[in-house]
Amino acid sequence: MKNKNEILGASGVNTRLAHLGNEPFDFFGFVNPPIARGSTVLFPDAATLMSGDQPYTYGTHGTPTTDALCKMIDELEGSAGTILLSSGLAAVTVPFLAYLSAGDHALIVDSVYFPTRRFCNTMLKQYGVEVEYYDPAIGAGIEALIRPNTRLVHLEAPGSNTFEMQDVKLISSIAHRYDCVVTMDNTWATPLYFRPLDHGVDVSIHAATKYPAGHSDVLMGFVSANEKHWKKLWDANTNLGMCVTSDDAYQVLRGMRTMGIRLEHHQKSALEIAQWLETHDDVASVLHPALPSFPTHHIWKRDFKGSSGVFSFVLKAGPEKFKDKAHAFLDALSIFGLGFSWGGYESLAVLVNLADRTVAAGPSGGPVIRLQIGLEDVADIKRDLEAGFAAAAKA
(Lines give C-alpha, C1' and ligand atoms only; values in the text may rest on other atoms or scores of the structure.)
Protein backbone atom coordinates (compact mmCIF):
# COMPACT_ATOMS: atom_id res chain seq x y z
CA MET A 1 0.00 0.00 0.00
CA LYS A 2 1.40 3.38 -1.04
CA ASN A 3 1.24 6.29 1.47
CA LYS A 4 0.16 3.75 4.07
CA ASN A 5 0.18 5.94 7.18
CA GLU A 6 -1.67 8.77 5.47
CA ILE A 7 -4.31 6.49 3.99
CA LEU A 8 -4.89 4.37 7.10
CA GLY A 9 -5.11 7.44 9.31
CA ALA A 10 -8.28 8.45 7.49
CA SER A 11 -9.66 4.94 6.96
CA GLY A 12 -12.38 2.92 8.66
CA VAL A 13 -11.67 0.24 11.21
CA ASN A 14 -11.93 -2.75 8.89
CA THR A 15 -9.54 -1.17 6.39
CA ARG A 16 -7.09 -0.53 9.19
CA LEU A 17 -7.37 -4.09 10.51
CA ALA A 18 -6.71 -5.42 7.01
CA HIS A 19 -3.50 -3.44 6.57
CA LEU A 20 -1.95 -2.68 9.98
CA GLY A 21 0.93 -4.80 11.22
CA ASN A 22 2.24 -5.86 7.84
CA GLU A 23 4.79 -4.43 5.41
CA PRO A 24 4.67 -6.85 2.45
CA PHE A 25 7.68 -5.43 0.63
CA ASP A 26 9.85 -5.88 3.71
CA PHE A 27 9.31 -9.61 3.07
CA PHE A 28 9.54 -9.96 -0.70
CA GLY A 29 5.90 -8.94 -1.23
CA PHE A 30 4.25 -11.63 0.85
CA VAL A 31 1.00 -10.24 2.27
CA ASN A 32 1.37 -11.77 5.73
CA PRO A 33 4.51 -11.31 7.82
CA PRO A 34 6.43 -14.58 8.01
CA ILE A 35 6.63 -16.63 11.18
CA ALA A 36 10.11 -16.02 12.59
CA ARG A 37 10.72 -18.94 14.95
CA GLY A 38 13.78 -19.06 17.11
CA SER A 39 15.58 -18.42 20.34
CA THR A 40 19.16 -17.68 19.29
CA VAL A 41 19.95 -14.58 17.27
CA LEU A 42 23.43 -14.14 15.78
CA PHE A 43 25.49 -10.94 15.85
CA PRO A 44 27.79 -9.87 13.01
CA ASP A 45 30.77 -9.02 15.23
CA ALA A 46 31.97 -8.84 18.84
CA ALA A 47 31.19 -5.14 19.22
CA THR A 48 27.52 -5.64 18.31
CA LEU A 49 27.39 -8.73 20.52
CA MET A 50 28.49 -6.64 23.49
CA SER A 51 26.33 -3.58 22.74
CA GLY A 52 23.21 -5.42 21.61
CA ASP A 53 22.81 -2.70 18.99
CA GLN A 54 20.65 -4.55 16.48
CA PRO A 55 16.88 -5.00 16.16
CA TYR A 56 16.76 -8.52 17.64
CA THR A 57 18.99 -10.03 20.30
CA TYR A 58 17.17 -13.08 21.68
CA GLY A 59 13.82 -14.78 21.12
CA THR A 60 12.29 -13.69 24.45
CA HIS A 61 12.76 -10.04 23.49
CA GLY A 62 10.70 -10.22 20.32
CA THR A 63 10.74 -11.37 16.71
CA PRO A 64 9.56 -9.74 13.47
CA THR A 65 6.29 -11.66 13.89
CA THR A 66 5.58 -10.56 17.46
CA ASP A 67 6.64 -7.00 16.61
CA ALA A 68 4.16 -6.91 13.72
CA LEU A 69 1.36 -7.73 16.16
CA CYS A 70 2.59 -5.19 18.74
CA LYS A 71 2.76 -2.47 16.09
CA MET A 72 -0.81 -3.22 15.05
CA ILE A 73 -2.06 -3.04 18.64
CA ASP A 74 -0.21 0.24 19.31
CA GLU A 75 -1.91 1.79 16.30
CA LEU A 76 -5.32 0.66 17.54
CA GLU A 77 -4.71 1.62 21.19
CA GLY A 78 -2.77 4.84 20.68
CA SER A 79 -0.11 3.42 23.02
CA ALA A 80 3.64 3.95 23.29
CA GLY A 81 4.30 0.23 23.43
CA THR A 82 2.74 -3.20 23.86
CA ILE A 83 3.92 -6.45 25.39
CA LEU A 84 2.51 -9.86 24.49
CA LEU A 85 1.92 -12.43 27.21
CA SER A 86 0.86 -16.06 27.37
CA SER A 87 -2.68 -15.46 28.70
CA GLY A 88 -5.20 -12.82 29.65
CA LEU A 89 -4.47 -13.41 33.32
CA ALA A 90 -0.76 -12.82 32.74
CA ALA A 91 -1.72 -9.56 31.03
CA VAL A 92 -3.23 -8.42 34.34
CA THR A 93 -0.59 -9.78 36.70
CA VAL A 94 2.54 -8.49 34.94
CA PRO A 95 1.50 -4.81 35.21
CA PHE A 96 0.64 -5.35 38.89
CA LEU A 97 4.14 -6.75 39.44
CA ALA A 98 5.64 -3.90 37.42
CA TYR A 99 4.03 -1.04 39.30
CA LEU A 100 3.49 -2.37 42.84
CA SER A 101 6.00 -2.99 45.64
CA ALA A 102 5.86 -4.21 49.23
CA GLY A 103 4.01 -1.71 51.40
CA ASP A 104 1.91 -0.34 48.54
CA HIS A 105 -1.88 -0.15 48.50
CA ALA A 106 -3.92 -1.05 45.40
CA LEU A 107 -7.59 -0.35 44.67
CA ILE A 108 -9.29 -3.08 42.63
CA VAL A 109 -12.87 -2.93 41.35
CA ASP A 110 -15.10 -5.46 43.11
CA SER A 111 -16.64 -6.70 39.83
CA VAL A 112 -13.23 -7.87 38.67
CA TYR A 113 -12.46 -11.09 36.80
CA PHE A 114 -12.13 -13.79 39.48
CA PRO A 115 -8.59 -14.98 38.58
CA THR A 116 -7.44 -11.37 39.00
CA ARG A 117 -8.95 -11.33 42.49
CA ARG A 118 -7.30 -14.68 43.25
CA PHE A 119 -3.89 -13.26 42.25
CA CYS A 120 -4.46 -10.17 44.39
CA ASN A 121 -5.52 -12.20 47.42
CA THR A 122 -2.61 -14.62 47.17
CA MET A 123 0.49 -13.42 45.30
CA LEU A 124 0.14 -9.68 45.96
CA LYS A 125 -0.59 -10.35 49.63
CA GLN A 126 2.44 -12.64 49.76
CA TYR A 127 4.60 -9.81 48.39
CA GLY A 128 3.33 -7.32 50.97
CA VAL A 129 0.87 -5.36 48.82
CA GLU A 130 -2.42 -4.41 50.47
CA VAL A 131 -5.47 -4.77 48.23
CA GLU A 132 -8.79 -3.05 48.76
CA TYR A 133 -11.89 -3.62 46.62
CA TYR A 134 -14.23 -0.82 45.64
CA ASP A 135 -17.76 -0.62 44.26
CA PRO A 136 -17.82 -0.24 40.44
CA ALA A 137 -20.38 2.56 40.86
CA ILE A 138 -18.10 4.55 43.17
CA GLY A 139 -17.35 7.39 40.74
CA ALA A 140 -15.89 10.42 42.55
CA GLY A 141 -16.03 8.45 45.80
CA ILE A 142 -12.79 6.74 44.79
CA GLU A 143 -10.93 9.73 46.24
CA ALA A 144 -11.95 8.83 49.79
CA LEU A 145 -10.25 5.44 49.41
CA ILE A 146 -6.90 6.74 48.17
CA ARG A 147 -4.18 6.62 50.84
CA PRO A 148 -0.66 8.05 50.88
CA ASN A 149 0.65 4.62 49.80
CA THR A 150 -1.95 3.94 47.08
CA ARG A 151 -0.03 3.28 43.89
CA LEU A 152 -2.48 1.61 41.52
CA VAL A 153 -6.18 1.73 40.65
CA HIS A 154 -7.51 -1.12 38.53
CA LEU A 155 -10.72 -0.87 36.50
CA GLU A 156 -12.74 -3.34 34.49
CA ALA A 157 -15.54 -1.94 32.36
CA PRO A 158 -17.94 -3.50 32.00
CA GLY A 159 -17.40 -5.78 34.98
CA SER A 160 -16.95 -9.50 34.63
CA ASN A 161 -20.23 -11.41 34.76
CA THR A 162 -22.49 -8.56 35.95
CA PHE A 163 -21.35 -5.89 33.45
CA GLU A 164 -21.42 -2.77 35.60
CA MET A 165 -19.97 0.24 33.81
CA GLN A 166 -17.43 2.55 35.43
CA ASP A 167 -16.85 6.26 34.88
CA VAL A 168 -13.36 5.67 33.54
CA LYS A 169 -12.39 9.27 32.84
CA LEU A 170 -13.54 10.51 36.25
CA ILE A 171 -11.82 7.76 38.23
CA SER A 172 -8.62 8.14 36.18
CA SER A 173 -8.48 11.89 36.68
CA ILE A 174 -8.86 11.54 40.45
CA ALA A 175 -6.28 8.74 40.66
CA HIS A 176 -3.76 10.85 38.74
CA ARG A 177 -4.01 13.67 41.29
CA TYR A 178 -2.37 11.25 43.71
CA ASP A 179 0.11 9.89 41.14
CA CYS A 180 -1.54 6.47 40.96
CA VAL A 181 -1.11 4.25 37.93
CA VAL A 182 -4.48 3.45 36.34
CA THR A 183 -4.84 0.04 34.69
CA MET A 184 -7.94 -1.28 32.95
CA ASP A 185 -9.11 -4.63 31.63
CA ASN A 186 -10.77 -3.72 28.31
CA THR A 187 -11.28 -7.23 26.96
CA TRP A 188 -15.06 -6.88 26.50
CA ALA A 189 -14.95 -3.84 24.20
CA THR A 190 -11.57 -4.25 22.48
CA PRO A 191 -9.86 -1.06 21.25
CA LEU A 192 -12.40 -0.94 18.42
CA TYR A 193 -15.24 0.02 20.76
CA PHE A 194 -13.30 1.72 23.57
CA ARG A 195 -9.77 3.14 23.79
CA PRO A 196 -8.86 3.36 27.48
CA LEU A 197 -5.82 5.59 27.01
CA ASP A 198 -8.06 8.25 25.42
CA HIS A 199 -10.05 8.33 28.68
CA GLY A 200 -7.11 8.75 31.05
CA VAL A 201 -6.08 5.13 31.62
CA ASP A 202 -2.31 4.53 31.70
CA VAL A 203 -2.24 0.81 30.89
CA SER A 204 -4.79 -1.03 28.75
CA ILE A 205 -5.13 -4.80 29.22
CA HIS A 206 -6.74 -7.40 26.96
CA ALA A 207 -7.23 -11.12 27.00
CA ALA A 208 -6.35 -11.58 23.34
CA THR A 209 -7.61 -15.14 23.74
CA LYS A 210 -11.05 -13.62 23.22
CA TYR A 211 -11.95 -11.43 20.23
CA PRO A 212 -8.47 -10.77 18.76
CA ALA A 213 -7.76 -14.49 18.36
CA GLY A 214 -11.44 -15.20 17.79
CA HIS A 215 -11.34 -18.94 17.18
CA SER A 216 -10.96 -20.53 20.62
CA ASP A 217 -7.54 -21.92 19.81
CA VAL A 218 -4.95 -19.43 21.12
CA LEU A 219 -4.09 -18.18 24.60
CA MET A 220 -2.61 -14.68 24.73
CA GLY A 221 -2.72 -11.32 26.49
CA PHE A 222 -1.90 -7.78 25.38
CA VAL A 223 -0.71 -4.96 27.66
CA SER A 224 -0.38 -1.49 26.13
CA ALA A 225 1.02 1.48 28.06
CA ASN A 226 1.24 5.22 27.54
CA GLU A 227 4.58 6.99 27.23
CA LYS A 228 4.92 7.71 30.96
CA HIS A 229 4.51 4.09 32.05
CA TRP A 230 5.86 2.16 29.06
CA LYS A 231 9.51 1.76 30.08
CA LYS A 232 8.70 0.36 33.53
CA LEU A 233 6.33 -2.17 31.98
CA TRP A 234 8.90 -3.19 29.37
CA ASP A 235 11.68 -3.51 31.94
CA ALA A 236 9.54 -5.60 34.30
CA ASN A 237 8.49 -7.95 31.52
CA THR A 238 12.09 -8.32 30.36
CA ASN A 239 13.16 -9.18 33.91
CA LEU A 240 10.34 -11.71 34.26
CA GLY A 241 11.22 -13.34 30.94
CA MET A 242 7.62 -13.49 29.73
CA CYS A 243 6.95 -13.89 26.02
CA VAL A 244 4.76 -15.63 23.41
CA THR A 245 5.62 -17.79 20.44
CA SER A 246 5.73 -16.37 16.94
CA ASP A 247 3.29 -19.07 15.86
CA ASP A 248 0.68 -17.81 18.33
CA ALA A 249 1.36 -14.18 17.38
CA TYR A 250 0.78 -15.10 13.74
CA GLN A 251 -2.53 -16.78 14.63
CA VAL A 252 -3.70 -13.69 16.49
CA LEU A 253 -2.59 -11.40 13.67
CA ARG A 254 -4.69 -13.47 11.31
CA GLY A 255 -7.65 -13.36 13.68
CA MET A 256 -7.48 -9.60 14.01
CA ARG A 257 -7.95 -9.09 10.27
CA THR A 258 -11.59 -10.12 10.70
CA MET A 259 -12.16 -8.86 14.25
CA GLY A 260 -14.19 -5.83 13.13
CA ILE A 261 -16.57 -7.91 11.04
CA ARG A 262 -16.90 -10.56 13.73
CA LEU A 263 -17.56 -7.99 16.44
CA GLU A 264 -20.34 -6.43 14.37
CA HIS A 265 -22.03 -9.83 14.10
CA HIS A 266 -21.51 -10.65 17.79
CA GLN A 267 -22.90 -7.25 18.75
CA LYS A 268 -25.97 -7.46 16.53
CA SER A 269 -26.89 -11.00 17.57
CA ALA A 270 -26.24 -10.42 21.27
CA LEU A 271 -28.39 -7.29 21.34
CA GLU A 272 -31.23 -9.09 19.59
CA ILE A 273 -31.04 -11.96 22.08
CA ALA A 274 -30.78 -9.57 25.05
CA GLN A 275 -33.83 -7.59 23.92
CA TRP A 276 -35.75 -10.83 23.42
CA LEU A 277 -34.78 -12.08 26.88
CA GLU A 278 -36.09 -8.85 28.44
CA THR A 279 -39.56 -9.87 27.27
CA HIS A 280 -39.29 -13.47 28.48
CA ASP A 281 -41.44 -14.50 31.44
CA ASP A 282 -38.68 -16.67 32.91
CA VAL A 283 -36.11 -13.85 33.04
CA ALA A 284 -35.86 -11.54 36.06
CA SER A 285 -33.42 -9.10 34.43
CA VAL A 286 -30.87 -8.80 31.63
CA LEU A 287 -27.39 -7.48 32.38
CA HIS A 288 -26.25 -5.82 29.15
CA PRO A 289 -24.79 -2.28 29.16
CA ALA A 290 -26.21 -1.42 25.72
CA LEU A 291 -29.80 -1.93 26.92
CA PRO A 292 -31.54 1.33 27.98
CA SER A 293 -32.93 -0.56 30.98
CA PHE A 294 -29.44 -1.26 32.36
CA PRO A 295 -28.60 1.00 35.34
CA THR A 296 -25.31 2.37 33.93
CA HIS A 297 -26.39 2.40 30.28
CA HIS A 298 -25.79 6.18 30.13
CA ILE A 299 -22.06 5.68 30.73
CA TRP A 300 -21.83 3.04 28.03
CA LYS A 301 -23.72 5.28 25.59
CA ARG A 302 -21.48 8.25 26.37
CA ASP A 303 -18.11 6.52 26.18
CA PHE A 304 -18.34 3.36 24.06
CA LYS A 305 -18.67 2.94 20.31
CA GLY A 306 -20.28 -0.49 20.48
CA SER A 307 -20.91 -3.62 22.50
CA SER A 308 -19.68 -7.17 22.15
CA GLY A 309 -21.32 -10.58 22.40
CA VAL A 310 -21.10 -11.32 26.13
CA PHE A 311 -23.74 -10.50 28.71
CA SER A 312 -25.70 -12.15 31.54
CA PHE A 313 -29.27 -12.60 32.60
CA VAL A 314 -30.98 -13.53 35.85
CA LEU A 315 -33.10 -16.69 35.61
CA LYS A 316 -36.22 -16.39 37.75
CA ALA A 317 -36.06 -18.80 40.67
CA GLY A 318 -36.68 -18.92 44.38
CA PRO A 319 -33.57 -19.23 46.59
CA GLU A 320 -34.24 -22.91 47.21
CA LYS A 321 -34.33 -23.57 43.46
CA PHE A 322 -31.30 -21.55 42.27
CA LYS A 323 -29.04 -24.55 41.67
CA ASP A 324 -31.69 -26.94 40.32
CA LYS A 325 -33.13 -24.50 37.79
CA ALA A 326 -29.74 -23.23 36.66
CA HIS A 327 -28.39 -26.76 36.12
CA ALA A 328 -31.55 -27.84 34.30
CA PHE A 329 -31.34 -24.81 32.03
CA LEU A 330 -27.68 -25.36 31.16
CA ASP A 331 -27.96 -29.13 30.72
CA ALA A 332 -30.79 -28.72 28.18
CA LEU A 333 -28.69 -26.55 25.83
CA SER A 334 -27.30 -28.04 22.63
CA ILE A 335 -25.87 -25.21 20.53
CA PHE A 336 -24.43 -23.50 23.59
CA GLY A 337 -21.37 -25.21 24.97
CA LEU A 338 -20.79 -25.16 28.71
CA GLY A 339 -17.38 -23.64 29.07
CA PHE A 340 -15.38 -20.66 30.24
CA SER A 341 -13.83 -18.02 28.01
CA TRP A 342 -15.62 -16.27 25.17
CA GLY A 343 -14.92 -14.32 22.00
CA GLY A 344 -14.81 -17.39 19.75
CA TYR A 345 -17.18 -18.33 16.97
CA GLU A 346 -19.28 -20.63 19.18
CA SER A 347 -21.93 -19.75 21.75
CA LEU A 348 -21.14 -20.58 25.38
CA ALA A 349 -23.02 -20.47 28.68
CA VAL A 350 -21.89 -20.64 32.31
CA LEU A 351 -23.44 -20.28 35.74
CA VAL A 352 -21.93 -17.22 37.41
CA ASN A 353 -20.53 -17.47 40.93
CA LEU A 354 -20.69 -14.14 42.75
CA ALA A 355 -19.62 -15.45 46.13
CA ASP A 356 -16.25 -13.70 45.81
CA ARG A 357 -17.78 -10.20 45.98
CA THR A 358 -16.87 -8.21 49.08
CA VAL A 359 -18.38 -4.77 48.39
CA ALA A 360 -20.84 -4.78 45.49
CA ALA A 361 -23.65 -7.30 45.85
CA GLY A 362 -24.74 -9.14 42.75
CA PRO A 363 -28.25 -9.17 41.28
CA SER A 364 -31.08 -10.89 43.12
CA GLY A 365 -34.09 -12.81 41.84
CA GLY A 366 -32.37 -15.96 40.63
CA PRO A 367 -29.13 -17.50 39.38
CA VAL A 368 -27.01 -15.43 37.00
CA ILE A 369 -26.29 -17.09 33.64
CA ARG A 370 -23.59 -15.61 31.42
CA LEU A 371 -23.96 -16.04 27.67
CA GLN A 372 -21.38 -15.70 24.95
CA ILE A 373 -23.35 -15.22 21.74
CA GLY A 374 -21.36 -16.71 18.89
CA LEU A 375 -21.69 -16.51 15.14
CA GLU A 376 -24.60 -18.95 14.83
CA ASP A 377 -27.98 -17.80 13.45
CA VAL A 378 -30.11 -15.96 16.00
CA ALA A 379 -33.20 -18.10 15.32
CA ASP A 380 -31.24 -21.23 16.22
CA ILE A 381 -29.82 -19.61 19.36
CA LYS A 382 -33.31 -18.63 20.52
CA ARG A 383 -34.61 -22.16 20.00
CA ASP A 384 -31.75 -23.50 22.09
CA LEU A 385 -32.45 -21.04 24.90
CA GLU A 386 -36.15 -21.92 24.82
CA ALA A 387 -35.18 -25.54 25.41
CA GLY A 388 -33.25 -24.38 28.46
CA PHE A 389 -36.19 -22.39 29.80
CA ALA A 390 -38.53 -25.33 29.29
CA ALA A 391 -36.22 -27.61 31.27
CA ALA A 392 -35.77 -25.03 34.05
CA ALA A 393 -39.55 -24.69 34.38
CA LYS A 394 -39.81 -28.38 35.19
CA ALA A 395 -36.99 -28.37 37.76
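The values are calculated or read from the model by the stated rules, or taken from the named source; none is laboratory data. Given the structure is predicted, the values throughout are model-derived calculations rather than measurements. Every residue, glycine among them, receives a Cβ derived from its backbone with ideal geometry; neighbour counts consider all protein chains shown. SASA here: full protein model, heavy atoms, side chains in, ligands and nucleic acids out. Shrake-Rupley method; radii C 1.70, N 1.55, O 1.52, S 1.80 Å.
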Item checked: Residue list for region 123-144, restricted to those being open to solvent by 40 Å² or more (accessible area, probe 1.4 Å), farther than 30 Å from residue 309 by Cα and either aliphatic (A, V, I, L, M) or in a helix (DSSP H, G or I) (or both) -> 123, 125, 126, 143, 144
Check: For region 364-381, does any single residue satisfy the condition of being free of Cβ contacts under 8 Å to residues at least 24 places away in the same chain, in a helix (DSSP H, G or I), under 15 Å from residue 276 (Cα atoms) and open to solvent by 50 Å² or more (accessible area, probe 1.4 Å)?
Finding: yes
Notebook entry, point to check: Considering 330, 338, 291, which residue is free of Cβ contacts under 8 Å to residues at least 60 places away in the same chain, open to solvent by 70 Å² or more (accessible area, probe 1.4 Å) and either within 26 Å of residue 258 (Cβ to Cβ) or among the hydrophobic types (A, V, I, L, M, F, W, C) (or both)?
Noted result: 338
Next item on the list: Go through 86, 101 for me and flag whichever is of a type outside the set (Val, Ile, Thr) and within 20 Å of the chain's Cα centre (by Cα).
Entry: 86
Check: Within region 146-156, can one find any residue that is open to solvent by 20 Å² or more (accessible area, probe 1.4 Å) and among the polar types (S, T, N, Q)?
Finding: yes
Margin query: Consider region 302-332. How many of its residues are touching a strand residue (DSSP E or B) at 6+ places or on another chain (Cβ under 8 Å) and assigned to a loop (DSSP other than H, G, I, E, B)?
Written below: 2
Item checked: Conditions (1) free of Cβ contacts under 8 Å to residues at least 12 places away in the same chain; (2) open to solvent by 50 Å² or more (accessible area, probe 1.4 Å): number failed by residue 38 -> (1)
Item checked: Members of region 70-113 that are within 18 Å of residue 229 (Cα to Cα), aromatic (Phe, Trp, Tyr) and open to solvent by 10 Å² or more (accessible area, probe 1.4 Å) -> 99
Next item on the list: Report, by residue number, each residue of region 341-361 that is among the hydroxyl-bearing types (Ser, Thr, Tyr), within 21 Å of residue 113 (Cα to Cα) and open to solvent by 70 Å² or more (accessible area, probe 1.4 Å).
Entry: 358
Check: Can you name the residue in region 165-221 that is open to solvent by less than 10 Å² (accessible area, probe 1.4 Å) and in a helix (DSSP H, G or I) and, of all such residues, is nearest to residue 131 (Cα to Cα)?
Finding: 175
